[in-house]
C-alpha cells in the first residue's frame, strides 16, 4: 500500500550553497556527471554559462544558448561526504565540456574502444557516459571517457557504437556488476527527434568497448501517457514517455532503473522504476515513485532501503524525497526537503549516502527569496543533507 499521509519535512535538514555567481546560469547536475572514487572523494559536475538576469525570456532553456556566453562544465569536489565543497575554487572543463567529443576530436576521428583493457571493479576507475552532436536528438551519439586515477585525469573520448540504432544519448548513468561488467544506461532517439527509449549497453570482456544489450521499456506506451498536441511551434517543451534511465544494484542482486516521464517539464512529470532479476538482460515495470517530480536520483542505503530524491517543479517548487523499504516496490511518505523555489527551473539532483541514516543531494536551484528575480532567482547549485529516520 502507498503511504497516503501528507508530506512532511525530514529530520536534520541542512542546506548550503555549493556554487553561485551573480552573472551565471548553473544547471543540470544529474546529466553532467557524479562519481565517488576509491578515496571516498565525491566529484560533481554541472553546467554554467554567463547570462544577464534582466528577463525570464532571456534564460528560457530553448533560447539560452543564443542569449549566453562562455558555456562550460564546472567540477566541484567534497572530501567530507558532501558537507563542504570546493565551489569557491572549482575546476573548469575537466573533460573539455559536454558534447565536445573529447578534446576537439571529430566523430570520424574518434575510436570505438579504449586503448587498453579496463578493470571496472577498481574503485578509482571512473566512467563518463556523455554525448556528441547535441543532446537527445536524431543526430547524437553516446560517448565514453575514462579515468584510471580517481578522476584526476581523463582519457580521450571514444564513441559508443550505434549498433544500428538511429541515435543514442548518454547521461552519466553506469553501474558495475559483481562480475566486473559495466552497464551503461542510455536512451535512443528516432531520426525525427521523437520516441526517446531507454536501453542498456554492456562492456566487452576486456572492458575496452560497449555494445547494445536490450531495451528497458516497450516500443510504445499502451496508455499514451505522454501523448498530446505538441504541434504548436510556440510550445517549447514536449512530452516524452520515458528517458533519463539510471540503474542501481540492490543487496539481493536485483537491479532497479529509475527513469523520467513527462508531459511538460515545467511540472507535469514523474519518476518510474523498472527492475531486472537477471543482471540487466530483461526488465519489467515495478512502481511509480511519486505523483510529480523528476528526474530522481536514488541512494541504496547499507540496510537495503532505497531513497529517491527529485526536483518538484509544481508550486511550491523545491526538492522532495521518498523512501522504499522493499527495493522500490512501494514508497513511503513524501518528504519535503525544501519548498522555497522561485520557479519551476530547479532540480536535476545527484544523491549519496552521507553516513548512518543521513543522505545528501546536490542540485541546481533558484529561490523565491532571492533579491534578483527573472522568472525565479539566480540559478545556482546547492546541497542538502537530511536523515530518513
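None of the figures in this text is laboratory data; all of them are computed from the coordinates on show. Note that the structure is predicted; figures quoted are calculated from it, not measured. A quick note on method: Cβ atoms are made from the backbone with ideal geometry, for glycine too, and the neighbour counts reach across all protein chains shown.
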**Study point:** Segment residue 192-residue 149, length gained on full extension (0.36 nm per residue, minus Cα span)
**Key:** 11.5 nm
**Study point:** Extension gain, residue 9 back to residue 67 (0.36 nm per residue minus Cα-Cα distance, nm)
**Key:** 17.1 nm
Review point. For Rg and Dmax of the Cα atoms in Å, the choices are (i) 20.8, 66; (ii) 19.5, 56; (iii) 28.9, 110; which was calculated from the structure?
Key: (ii)
Revision key, fill the gap. For segment 7-128, averaging the sequence separation of alpha carbon pairs under 8 Å that lie six or more residues apart and dividing by its residue count, the contact order in percent is 21
Exercise for review: With r as the distance between the Cβ atoms of residue 106 and residue 264 and R0 = 41 Å, compute the FRET efficiency 1/(1 + (r/R0)^6) and round to 0.05.
Suggested key: 0.70
**Study point:** Inter-probe distance in nm under a simple model that places probes 7 Å from Cα toward Cβ, at residue 314 and residue 179
**Key:** 4.3
Check your understanding: segment 321-389 to segment 242-282: how many Å between their Cα centroids?
Key -> 19
Point to revise | Contour minus Cα-Cα distance for residue 340 and residue 139 (0.36 nm per residue) | key: 68.6 nm
Review point. Counting other C-beta atoms within 10 Å, which of 240, 164 has the fewest, and how do the rest follow?
Key: 164, 240
Study note, to complete from the structure: Per the 1/(1 + (r/R0)^6) rule, R0 = 22 Å and r from the Cβ atoms of residue 223 and residue 162, FRET efficiency to 0.05 is 0.15
Exercise for review: Compute the FRET efficiency between residue 89 and residue 205 as 1/(1 + (r/R0)^6), taking r as their Cβ-Cβ distance and R0 = 41 Å, and round to the nearest 0.05.
Suggested key: 0.50
